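Undergrad: Dropping a structure here in structure tokens format, bear with me for questions.
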Amino acid sequence: MRKLSVLVFTLLFFQSQVLIAQGSFHQEFDSDVAVPEGFKTNRTSYSAIMDELQSSRSPVSDEQLAQLKNVPLEVIFSALGEYRLNYATGFQNTQPGSRLVGRALTMRFLPPRPDLSEAALSLAEQGNWDRRYYARAAEEAGPGDVIVAELGGSDGHNLFGDMGATGIQQRGAAGVIIDGGTRDYSGLRDDRFKDFPVLHKFTDPHTTSWLGVEYNAPVRIGGVTVLPGDIVVGDD
């Protein structure tokens, strides 16, 4: 039986207040409002909400990540105060016993349909990025990044196999968390990935077919909201 892993997603700031309003919302929008210059070609973030948040979020240093590698998961969880929706379980670790600590680089996927496929391809061409987001991460991820991929936890849908993981690993990323599946489980357990754990829900032999629709934007993993740049800690 495979040992399951647990995750804690820690937040960078503890000053915000949240107000949730329920009801109807009607607003007339000016059709002449322009998309901000460079928005589609922003390779760091293609998310309006993250563009807005960017100026108020300080990057996590390598020194901070190194310190967290030796802090028990329970201690980190206790320090999060009122931010309680940051804990997910039920992941399988391709490198049992290894701990995962890093900064979240997020991506979200949806099931394919013709109009969505056409739009995703068009955006990739305009922004000059790879429409396969795992391949895009293999070009853009940095040391200490953890790829956090939302696939909705759906059975039968996976992100990548050992070939896709190799490209990301070579960028110096710390590992991957997938709310979905992987291929090539035996390959991902190989010694060449001993310092590159992939936490996933299941394995599936099919090639990936889901479309990447959000990159470095808020995602949900096991019911937990994860923002780009959040600290991710995974342990058995």
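Every number here is computed from the coordinates shown, using simple stated rules; none is lab data. Bear in mind that the values here come from a model prediction, so they are computed numbers and not experimental data. Positions of Cβ are generated from backbone atoms using ideal geometry, with glycine treated the same way; all protein chains shown enter the neighbour counts.
Undergrad: Would you grab the residues whose amide H sits under 5 Å from the one on Val146? Only those 5+ places off in sequence or on another chain, please, with H modelled 1.01 Å from N.
TA: The list, which skips near neighbours in sequence, is Arg103, Ala104, Leu105, Ala174.
Undergrad: How big is the charge dipole of region 169-213 about its Cα centre, in debye rounded to the nearest 20, if each Lys and Arg gets +1 on its Cβ and each Asp and Glu gets -1 on its Cβ?
TA: For region 169-213, the charge dipole is close to 60 debye.
Undergrad: What distance in nm separates the two pseudo spin-label positions at Glu125 and His206, each 7 Å out from Cα along the beta-carbon direction?
TA: 2.7
Undergrad: Please identify every one of the trypsin sites (Lys or Arg not before Pro) in region 38-137 that sits in a loop by DSSP and has no more than 10 other beta carbons within 10 Å of its own beta carbon.
TA: Here the trypsin sites (Lys or Arg not before Pro) that fit, given the DSSP loop and packing criteria, are Arg84.
Undergrad: Using the beta-carbon distance between Leu110 and Thr89 and R0 = 25 Å, what value does 1/(1 + (r/R0)^6) give for FRET efficiency, to the nearest 0.05?
TA: About 0.55, to the nearest 0.05.
Undergrad: Further, regarding this structure: Filter the trypsin sites (Lys or Arg not before Pro) in region 139-223 down to the DSSP loop ones having no more than 13 other Cβ atoms within 10 Å, then list what survives. Present the calculation step by step, with values, prior to reporting the outcome.
TA: Details: sites: Arg171, Arg183, Arg189, Arg192, Lys194, Lys201, Arg220; in loops: Arg171, Arg183, Arg189, Lys194, Lys201.
Passing sites in region 139-223 are Lys194.
Undergrad: Residues of region 219-236 with the amide nitrogen closer than 16 Å to a label point 7 Å from the Cα of Ala79, along Cα-to-Cβ, please.
TA: Backbone N within reach: 230-235.
Undergrad: A further question follows. Taking θ as phi - 60°, what are the ³J(HN,Hα) couplings along region 193-210 by the Karplus curve (6.51, -1.76, 1.60), each to the nearest whole Hz, with x for Gly and Pro?
TA: 10, 4, 9, 9, x, 10, 8, 9, 8, 6, 10, 8, x, 6, 6, 5, 10, 6
Undergrad: Quick one: which residues, 5+ away or cross-chain, put their amide H under 5 Å from the amide H of Gln92? H built at 1.01 Å from N.
TA: Amide H to amide H, under 5 Å and 5 or more residues apart or across chains, Gln92 pairs with Ser5, His200, Lys201.
Undergrad: Further question: Based only on Cα atoms, what Rg/Rh ratio does region 92-172 have, Rh being taken as Kirkwood's radius?
TA: Result for region 92-172 is an Rg/Rh of 0.98.
Undergrad: Give a residue-ordered list of calculated ³J(HN,Hα) values for region 120-132 (Karplus: 6.51 cos²θ - 1.76 cosθ + 1.60, θ = phi - 60°; whole Hz; x for Gly, Pro).
TA: Those phi angles translate into 5, 5, 4, 5, 4, 5, 5, x, 6, 10, 6, 5, 7 Hz.
Undergrad: From the backbone phi of region 80-89, what are the Karplus-calculated ³J(HN,Hα) couplings (6.51 cos²θ - 1.76 cosθ + 1.60, θ = phi - 60°) in whole Hz, Gly and Pro given as x?
TA: 7, x, 6, 7, 9, 8, 9, 9, 10, 10
Undergrad: To the nearest 0.05, how large is the calculated FRET efficiency for Glu52 and Met163 if R₀ is 30 Å and r is the Cβ-Cβ distance? The partial results should precede the final answer.
TA: On the way: r = 36 Å, r/R0 = 1.20.
Approximately 0.25, to the nearest 0.05.
Undergrad: With a cap of 15 neighbouring Cβ atoms within 10 Å, and only residues DSSP puts in a loop, list the GluC sites (Glu not before Pro) found in region 56-99. Provide the component values of the computation, followed by the final result.
TA: Values: sites: Glu63, Glu74, Glu82; in loops: Glu82.
Sites meeting the loop and neighbour criteria: Glu82.
Undergrad: Moving on to the next point. Amide H to amide H under 5 Å from Phe160: which residues, 5+ apart in sequence or cross-chain, H placed 1.01 Å off N in plane?
TA: Amide H neighbours of Phe160, under 5 Å, 5+ apart: Arg183.
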